[in-house]
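The values are calculated or read from the model by the stated rules, or taken from the named source; none is laboratory data. Owing to the predicted nature of the structure, the values given are computational and were not obtained by experimental measurement. Methodologically, a virtual Cβ is constructed for each residue, glycine included, from the backbone with ideal geometry; neighbour enumeration extends over all protein chains shown. Quick note on the areas: whole protein, heavy atoms, side chains included, nothing else; ligands and nucleic acids left out. Shrake-Rupley method; radii C 1.70, N 1.55, O 1.52, S 1.80 Å.
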Amino acid sequence: MPTVQNVLSPVALKDVVLVADSFASQYAFSKQYCKMWACSSFVDSELVVLPQCTVLSVKWQKELYSAVEIDTNQPPYVFKCQLYDLTGVPPERQKIMVKGGILKDDSDWSKLGLKEGQKLMMVGTADEIVKAPEKGPVFMEDLPEEEQVVAVGHSAGLFNLGNTCYMNSTMQCLHSVPELKSALIEYPQSGRSNDLDQSSHLLTVATRDLFNELDKNVKPVAPMQFWMVLRKKYPQFGQLHNGSFMQQDAEECWTQILYTLSQALRSPSTSENLDTVKQLFGIDLVSRLHCAESGEESIETESVYSLKCHISHEVNHLHEGLKHGLKSELEKASPSLGRSAVYLKDSHINGLPKYLTIQFVRFFWKRESNQKAKILRKVDYPLELDIFDLCSDDLRKKLEAPRQMLRDEDGRKAGLKLKEKSSASGDKDVKMSDAEVCVGSDKNAQLTGVYDLVAVLTHKGRSADSGHYVAWVKQENGKWIQFDDDNPIPQREEDITKLSGGGDWHMAYICMYKARTIPMPHLTSNIGVLYGLDALLHDGASIHQSPCSVSETARSCLIHDTSNFKHSGFMGCFNPNNCVSQLVSFDVSVVGVVDKGWKQQEVGDLAGKESSSSRMDVTLAARAVCGD
């Protein structure tokens, strides 16, 4: 082995390490030997301090590692790291027995008296060997498009085809309505009703296809087909200026698309001729028209797809603007005066939709400049909107019971103890059962007049004929996404309400709220475990169900709870505070034979009820035997 008496420079020392590692990997020599040999080839003008090596053997468990080299110029911790490579035991777990005790990380080798070939004993537990995963990592870009949409948490953006941001933002907001997408999926590709024109049919099909593309893709979608059909149906969206398509009003686009879909998605097969769009977005208004001059007064009803938030110097909040929008003046012919007169129109909401659309009336015609101008005033809007005070008296009465149930549910979630209802209040709830406000065709949910914000369409700029439209949509996972054409950007919920105006930044132009509903009383969780009518009796008895006239949903609406009953033999009973009288009824005689242990008076009471009507409310029959 060569002996070198010079010290290498730092540059040469680095080269020694590289050469030694390479030489040791190619030939069966230890790295320590190769380093010493390489030093002789990189002699500079200074002395070399050669490493002092001692070869030992180490015993660990049943293994014996021989010819383990120790560089006594390095601290013992380096030696422990060598053993970690051999055994897998981390240095902090190693206990190496040497003369005088256990080897410490900073022990002095010269005081340990190590000899060549000496055997050392090591104790310690090795780390578990990490198993390779059965399936390797899968990158998002390698997933199918449908799975990428789920992983990303939002649908694709839409390319701007030339001032089409008004259309893109409108479609992103409408695309967030799952019930509308479901209705479009069922729309036939070729067949259409006789009263629907061809252009409306094609626009409906194009809307369905565009929604499907958005659901299947993560990469931006080019809505070329939809845009072409939209311009054919409504030529105003194809206006040109200096060879380029002009910017259009997003609210006008929104209104025209909903009108077309309302015509196409009607169901002619049913007698009711259900209008899906009206069920989702339709708002029924009842208006009182009064002429102060003649004293005439009349009542009118109408259905609209959005409420208007009128903006003035008095309006600082959405609720104030809605109140202004429901009051107006109009001039029309007066039969008693025989000429035109001014009428005051005071409107109230008489029918609620599942999705409440509100337009901020920010644009008006400015005669001085002969163009549409924009009102930049800041108008705050909430994430939760309650429009109870905007409803008619009749609708308010119908909303009282569902709103109380909603408050009770919120109280339970907050951990509040609720007061038990008295029997009088129970009777009131039963009587209110005919005042239900269902969600369109969904008879299993009731509206409450409370709405949650799910989409905002904003406009940035000072003119309706210019600027930029953007959609801000709440996803099913609760996260908000800003759809700026083809660029979806996640947003925080607290930033959504900051789009209220007051400057040149994005400001709300259209807000869409989703109704907060509660289940129908016979479907609520406090009804308990459900049983069929034939499960009322114990001891194997059953009820003859032929005289029953019960809906499939309500048929099994019985509580499995005998704690409230006078007679233990009666296994099931309706909760009088929750059951809806008009939903379930059956023959009194059937009830009368449920339990032979009933008192004669109670059975007689039931028989008396039978004489007045061949059918009675299950709720009343149940209350006759309950101990409340």
Stokes-Einstein D for region 53-123, Kirkwood Rh over Cα pairs, 4 °C, 1.567 mPa s (µm²/s): 108 µm²/s
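Take every Cα pair under 8 Å in region 53-123 that's 6+ residues apart, average their separations, divide by the length, and report that relative contact order as a whole percent. List each step's numbers first, then the result.
Values: 106 pairs, mean separation 30.6, N = 71.
That works out to 43 percent.
Given Cβ point charges of +1 (Lys, Arg) and -1 (Asp, Glu) and nothing else, what value in debye, to the nearest 20, does the dipole of region 53-123 about its Cα centre take? Show your work: numbers first, answer last.
Working: 10 positive and 9 negative charges, 77 e Å.
Using Cβ point charges on Lys, Arg, Asp and Glu, region 53-123 gives about 360 debye.
Of the listed pairs K354/K397; K219/K372; K332/K354; K308/K398; K327/K366; K378/K514, which have alpha-carbon separations greater than 28 Å here?
Flagged as over cut-off: K219/K372; K332/K354.
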Length added when fully stretched, L240-K479, from 0.36 nm per residue minus Cα-Cα: 82.3 nm
³J(HN,Hα) computed for each position of region 172-185 - Karplus, 6.51 cos²θ - 1.76 cosθ + 1.60, integer Hz, glycine/proline x: 5, 5, 5, 5, 7, 9, x, 5, 5, 5, 5, 5, 5, 4
Kirkwood Rh (inverse of mean 1/r, distinct Cα pairs), region 203-341, angstrom: 19.2 Å
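Please give the per residue accessible area of region 53-123, computed with a probe of 1.4 Å over protein heavy atoms only, in Å². Numbers along the way, then the final one.
Details: 4340 Å² over 71 residues.
That works out to 61 Å² for each residue.
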Packing-based ranking, highest mean first, of 242-254, 382-394 given that Cβ atoms within 10 Å are counted: 242-254, 382-394
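Lysine pairs in region 53-123 8 or more apart or on different chains: how many have alpha carbons under 13 angstrom apart? Walk me through the numbers on the way to the answer.
Details: K59/K95; K59/K119; K80/K95; K80/K104; K95/K104; K99/K111; K99/K115; K99/K119.
Value for region 53-123: 8.
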Carbon and sulfur %, accessible surface of region 53-123 computed with the full protein complex present, 1.4 Å: 51 percent
In sequence order, calculated HN-Hα J values of region 222-238 (Karplus, 6.51, -1.76, 1.60; Hz; x Gly/Pro): 9, x, 5, 5, 4, 5, 5, 5, 4, 5, 6, 6, 10, x, 5, 7, x
